């Protein structure tokens, strides 16, 4: 099927799925990177009919890219999936912003392919890309002058450019530019939260879905300058000229970047992410959480949630000895400056779950509380005064074979359920095992699509999902789906002493 965009004609290809037919139009340029460390410019047009094909990935560690081609100039692309059964009414649009610690990933992950979601629910799904790592988040104005003042948040600018491309072009694919939802998970969710915090009345989207992300962990200008210094030293030694960042190859830049990442992971608590959004007072004017609490994005509907075992990628739930786990938990509690003990936390876990946790499970829970669940709780709190609706969730489904597979309800495990990829690939079976519940995928995908269509996650089955109000209404996704009016559903057990959050 042929489509016409402002840059030229493109041929989409039909995809048959278990949920029906869809058309895929892949690799459409949303913008072009004319110069390193500069904002992208308008994409070039083309003659004739362009074939649908996945575009090159943004530069990243080659092992993480899986051998896929990478490009510094042409990596800003969109993949579009639309239902084969077309309607006379323009379709709602869901834009997907991938995660990957601001360092890795692309708009081509098979478990986030939008064909099945589009076919099942009659929406258009668009996956966009953005610059990663140092090429997307590197402060340079203090070294190279005002011309590079925008370098610190190029990834956010790329993401916004992709959303604006969707707004401007989606009508030619049968989409409704007045019904655009932007969804991001992990680093993608951080980007969406930042865009929400900078939204005004003319934002190019009407709704957001923020999954397993924080609106807090951003760099100050001074912190960003320290990261730049670390990268320069890894690249060319302690007396390196900043000009080396402009002339070195992308591959060498990424090699130096990965050494910085390795050092951060070895010396800092948590996932160790040196490249992240920067409060540069140009694109990002404050910590997003503070802006949102002050009313930014108040008129934009939101779904915000987290997974129960977000930290299972960091904490070995199978082989970590109990003594080591308890010692690590004690160090974590002490490092947070809490007037609490390990025994206090173990008791809080037992009261929450009804059974005493194993020490390694308590450690995982504590790290997940600090890195994900508490930030998500604070973001939900910040939205309490919003004019638009906010819906909270906790994803709690875990594979039954936890004796050999330790992630449980881990980071990103909800995505195959949203995109309906439970059993259609080796990647899906490796992620979910042999018996993922199809009813959970049916509920979540319908809720997400319904929210994109009308701002409410209504479904034909399961409980009604109420927005967050005076009480914390949290939808818990497990084998059965339940709505819990209880802040403990978000697992807020301890709060840092300097954050002013009530301790549950």
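General observations
- Residue within region 35-55 that is under 24 Å from residue 428 (Cβ atoms), touching a helix residue (DSSP H, G or I) at 6+ places or on another chain (Cβ under 8 Å), part of a loop (DSSP other than H, G, I, E, B) and modelled with pLDDT of 95 or more present: no
- Number of positions in region 341-388 that are buried (at least 17 other Cβ atoms within 10 Å of the Cβ) and within 23 Å of residue 321 (Cβ to Cβ): 19
- Output for region 326-344, where each listed residue is closer than 22 Å to residue 402 by Cβ and under 29 Å from the mean Cα position of the chain (by Cα): 328, 329
- Of all residues making up region 424-436, the number that are in a loop (DSSP other than H, G, I, E, B) and either surrounded by fewer than 16 Cβ atoms within 10 Å (Cβ to Cβ) or on the phi > 0 side of the Ramachandran plot (or both): 4
- Contacts under 7 angstrom Cβ, first residue in region 419-430 being free of Cβ contacts under 8 Å to residues at least 12 places away in the same chain, partner surrounded by fewer than 17 Cβ atoms within 10 Å (Cβ to Cβ) and in a helix (DSSP H, G or I), 6 or more apart: none
- Candidates are the residues of region 57-101 that are free of Cβ contacts under 8 Å to residues at least 40 places away in the same chain and on the phi > 0 side of the Ramachandran plot; the one that is surrounded by the most Cβ atoms within 10 Å (Cβ to Cβ) is 66.
- Per-region count, region 389-398, residues out of contact with any helix residue (DSSP H, G or I) (no Cβ under 7 Å at 6 or more places or on another chain) and either closer than 12 Å to residue 301 by Cα or surrounded by fewer than 22 Cβ atoms within 10 Å (Cβ to Cβ) (or both): 4
- Hits in region 273-285 (condition: in a loop (DSSP other than H, G, I, E, B) and either surrounded by 16 or more Cβ atoms within 10 Å (Cβ to Cβ) or in the same structural domain as residue 60 (by TED's automatic domain parsing) (or both)): 273, 274, 275, 276, 277, 279, 280, 283, 284
- Test: residue 303 is at pLDDT 95 or above, in a helix (DSSP H, G or I) and in contact with a helix residue (DSSP H, G or I) (Cβ under 8 Å, 6 or more places away or on another chain): no
- Residue within region 321-338 that is at pLDDT 90 or above and in a loop (DSSP other than H, G, I, E, B) present: yes
- Listed by position, the helices (runs of 4 or more DSSP H) inside region 342-417 whose residues that are without any contact (Cβ under 8 Å) to a residue 24 or more places away in the chain number at least 3 are 342-353.
- Residue in region 9-30 that is over 25 Å from residue 452 (Cα atoms) and surrounded by 16 or more Cβ atoms within 10 Å (Cβ to Cβ) present: yes
- Yes/no for residue 134 being surrounded by 19 or more Cβ atoms within 10 Å (Cβ to Cβ), at pLDDT 95 or above and part of a helix (DSSP H, G or I): yes
- For residue 141, the criteria (1) over 30 Å from residue 89 (Cβ atoms); (2) crowded, with 24+ Cβ neighbours inside 10 Å; (3) more than 16 Å from the chain's Cα centre (by Cα) hold in every case but one, which is (2).
- Residue 78 under 23 Å from residue 412 (Cβ atoms), at pLDDT 95 or above and not in a loop (DSSP other than H, G, I, E, B): yes
- Scanning region 210-269 for residues that are outside any helix (DSSP H, G or I), more than 25 Å from residue 372 (Cα to Cα) and without any contact (Cβ under 8 Å) to a residue 60 or more places away in the chain yields 237, 238, 239, 240, 241, 248, 249.
- Residues located in region 407-423, provided they are surrounded by fewer than 21 Cβ atoms within 10 Å (Cβ to Cβ) and over 22 Å from residue 304 (Cα atoms): 423
- Cβ pairs under 6 Å, 6+ apart, first in region 113-128 and closer than 19 Å to residue 53 by Cβ and outside the structural domain of residue 428 (by TED's automatic domain parsing), second modelled with pLDDT of 95 or more and assigned to a helix (DSSP H, G or I): 125/117; 125/118; 126/166; 128/162
- Screening residue 445 with (1) closer than 22 Å to residue 206 by Cα; (2) assigned to a helix (DSSP H, G or I); (3) in contact with a strand residue (DSSP E or B) (Cβ under 7 Å, 6 or more places away or on another chain) gives one miss only, at (3).
The values are calculated or read from the model by the stated rules, or taken from the named source; none is laboratory data. These numbers come from a predicted model, not from an experiment. All Cβ positions, glycine included, derive from the backbone under ideal geometry; neighbour counts span all protein chains shown.
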